[in-house]
Structures are given as structure tokens and as C-alpha cells.
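Colleague: Could you have a look at this structure, given as C-alpha cells, before my questions?
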Amino acid sequence: MAESQSPRGSGLSCASVPAFWPMTMAAELAEKGLELYARNLRFIQEEIRIHGELRPSLATPNQVRLGLRTMFLRDYGRPGEGIPTLVDAPYAGHTAMIADYHAGQSLVETLLANGIEHVALTDWKSATEDMKDFEIDNYLGELVVAIDDLGGRVNIVGLCQGGWTAAMLAARFPDKVNSLVLAGAPIDTDAGDGPIRGMVHESPISFYEDLVALGGGLMKGEFMLQGWKNMRPGEHYILEHIDLYEHIDDPVYLRKKETFESWYENPIDLPGRWYLQVIGQLFKENRLARGEFAGLGRRLDLRDITCPLYLLAGEGDDITSPEQVFNAANLVGTPQERIVRQLVPGGHIGLFMGARTLTERWPGIARWIAAQ
């Protein structure tokens, strides 16, 4: 009778021997359990980092030119070369990182790489308690100081809410504005049928007054952040967490996610009086488009804007509908042949931060500015 071959000598694994199957299964489950535990731990740590530790930072080297009460005016490129281009960032609850987002994906960087030597940026500060009674005039006044410090005449790129501020400046002081770009800017707030327009008109002003009162005279950034998230609750409260969990081992995804969330999850506070002016006079009553808004002591008439004008809107923008941007062409005094209208694919944030728009559209806009 031939000597039996031992399992060890045959090179067979324990899994090949029925008696050892339960032990093998237990070992595999333990191994997977440890992997699952480690993955869950990484997910929890990343959630904490995204929602509590990350802070926004500008991507491109710059210098603080002025430290004003409402903003830091930042210099990029080569100051003193040509007419400066002032990027008026939105003062709408998030920082100016929207204009200088990430190396290789930055509006400021794109402008500098396409014929503009000197870019300045309004880096708006979060409002403090002693700023709760600041009005739109306080911000217009400091924009005038910034423009005068830049030499008294600038090209302005107004992004979203920075667009109506830029339009006010151009109407109040036409000689200070060489050219004007309005990107995703709500100029005619009654135009279109976007959800923001509907929400503002359907909600009584007392609703916004109560929010300001709840913030001690400020419109708290955290209130606005929750409001934005509640516009798409499934995306923000469920899908984005699932997406993060599925990509927790992808370092490229995590870098992109952390960059975005460092901006999005860190809102800034706004003065309550300023905020209620914006909601009541600009969005509910549409006073700027109607020629009824008074800025720095005078009624502002958009027909006083006569400089070259570039209008940029997002086809899928549900914050500022294309009509709110493009209707500006019918309100200004700029000859129609000096107005450019461009509708691009994508939504609101993509107008300023989207890689595709920054690559395909903004270089041409920069060259247009440089040619004025």
C-alpha cells in the first residue's frame, strides 16, 4: 500500500481540507472586517477634515495691496503694467477663492496667462458684529477707494453678485471703468424663471428679517449654507457622502474634493442691513434694472454705462438665469456692436471655477479685455 501524502507535502492549502473550511472562512471574514473597519475609519476622518478642519486659500501668489474694512485688495501679476483688471468676487456667503480656486484651475491664473499683466482681486471679509449696519454704499465706497488706488481706471470682471456691484460702479462713475465683464451676474432680477427668483418673491421680507435677527444682526454664512444645501438635499445629505465613501482610497479624487469643500464648507457672514437691502431692493423690487436704486448719493441709471460690455451666462445656471445676465444689454448705454453675449454649457459655479470653461472660454475673454 502506498504511503499517503501529507497535505503539507502536497502543497495543498487548508481550504482544500473539509475539516479546515470553517477556520478558513473565519480568517477571511476577519481580514475583510479589518479592511472594512480601516476603510470606515478613513471615511470618518475625511468627513471630519472636510467639515471641520479645512480652510479656503487662494491658489496663485499675490500681495495684499490694501487692507480695507470690507476687503483685502490683492495684487497679482505685474502691477503698473497697463490698465489693471479688477476681479470683483461675489459677496454672497463664500470667499474670493471662487476666482483663484486651484493651480491649473483658476480664473486669475487664466487671465494672467492670456494677455493681462496686472490683476487685482476683491477678497471680501466676513462681517463682524460691528459691521451689521453696513449698507451697499459702504461696499461701493471702498470699491471706489480700491479703483483709485489702482490708478483710477480699470477693467472690471464682475462675478455673480460682484456683477451688480460692478454695474453700479460703472453707472455711477463711467470714467473709472474701461471695460466691463458680467459673468453669471443678476442684473435684471425679474427676468427668467430660476428657483432663486421664485424663492425670493414667494418668501415675505419678514422671513429674511427673522434670519438676520437670529444672527444677531448678521446674515450668518451657516444659515445660507444650509439653505443652498436644502435646494438639493439628496445631493448634499446623501449622494456626496456615498460618493466620498466610494472614492476614499483615490488620492486624486480626495485632493479635488478637499479643495472644493475647503471653499464650500467655510461660508462668511454678511451685514444684516446690507443683506436686507439686496433682497428687498435688488431682488424683490428690481430697482437697479428699473433705474430706481440710489448709490453713493445718486439714482443709478444703467444707460450711463457706455464702455465695452461682455456678458457670460451658463446654459444650466439655476442661480442666475441667462435672461438675468443678457437683459443687461437692453438696459445699458453701450452700443450693441460693442456688446458680446456668450452662453456656455454648465451651471453657475462652473462659470468661474469649471475647468472646461476656464480652458475654452476665459482665454478669449481675457484677450478681449486686453484689446480694449
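Colleague: Modelling each spin label as a point 7 Å along the Cα-to-Cβ direction, I'd like the Arg55/Phe72 distance in nm, to one decimal.
Modeller: 1.0
Colleague: Just to check I understand the Karplus step: with θ = phi - 60° and J = 6.51 cos²θ - 1.76 cosθ + 1.60, what whole-Hz values come out for region 164-172, glycine and proline as x?
Modeller: 5, 5, 5, 5, 4, 4, 5, 6, 6
Colleague: Please give the residues of region 93-126, grouped as numeric ranges, whose backbone N is less than 11 Å from a label point set 7 Å along the Cα-to-Cβ vector of Val64.
Modeller: none
Colleague: Taking Rh as the Kirkwood radius, which is the inverse of the mean 1/r over Cα pairs, what is the Rg/Rh value for region 75-193?
Modeller: A ratio of 0.96.
Colleague: Taking 7 Å along the Cα-to-C-beta vector as the label spot, tell me the Arg299-Ser206 distance in nanometres, rounded to one decimal.
Modeller: In this crude spin-label approximation the distance works out to 3.2 nm.
Colleague: Could you calculate the FRET efficiency of Ser126 with Glu337 from 1/(1 + (r/R0)^6), where r is the beta carbon distance between them and R0 is 45 Å, rounded to 0.05? If you can, show how the numbers build up before the last one.
Modeller: Numbers: r = 42 Å, r/R0 = 0.93.
It comes out at approximately 0.60.
Colleague: Here's another thing I want to ask about it. In region 344-372, whose amide N lies under 16 Å from the spot 7 Å out along Cα-to-Cβ of Val252? List them in ranges.
Modeller: 355-356
Colleague: At 0.36 nm per residue, and after removing the present C-alpha to C-alpha distance, how many nm does the segment from Asp175 to Val144 gain when stretched out fully?
Modeller: Result: 10.0 nm gained on full extension.
Colleague: Still on this structure, I have one more. With respect to the cross-link table entries Lys256/Lys284; Lys220/Lys284; Lys132/Lys176, which display a Cα-Cα separation exceeding 27 Å?
Modeller: With Cα atoms farther than 27 Å apart: Lys256/Lys284; Lys132/Lys176.
Colleague: What does the charge count around Gly364 come to, taking other residues whose C-beta lies under 15 Å from its C-beta (Lys +1, Arg +1, Asp -1, Glu -1)?
Modeller: Around Gly364, the charge tally is +3.
Colleague: Roughly how many Å² of Glu129 are accessible to a 1.4 Å probe, to the nearest 10?
Modeller: 130
Colleague: Give me the accessible area per residue for region 294-372, probe 1.4 Å, as a whole number in Å².
Modeller: In whole numbers, region 294-372 has 45 Å² accessible per residue.
Colleague: Separate question: Using a 1.4 angstrom probe and counting only protein chains, how large is the accessible area of His94 in Å², to 10?
Modeller: Around 20 Å² of this residue is reachable by solvent.
The values are calculated or read from the model by the stated rules, or taken from the named source; none is laboratory data. Please read all numbers here as calculations on a predicted model, not as lab measurements. Reconstructed Cβ throughout: ideal geometry from the backbone, glycine too, with neighbour counts over all protein chains shown. What goes into the accessible areas is simple: the full protein's heavy atoms, side chains included, and nothing from ligands, DNA or RNA. Shrake-Rupley method; radii C 1.70, N 1.55, O 1.52, S 1.80 Å.
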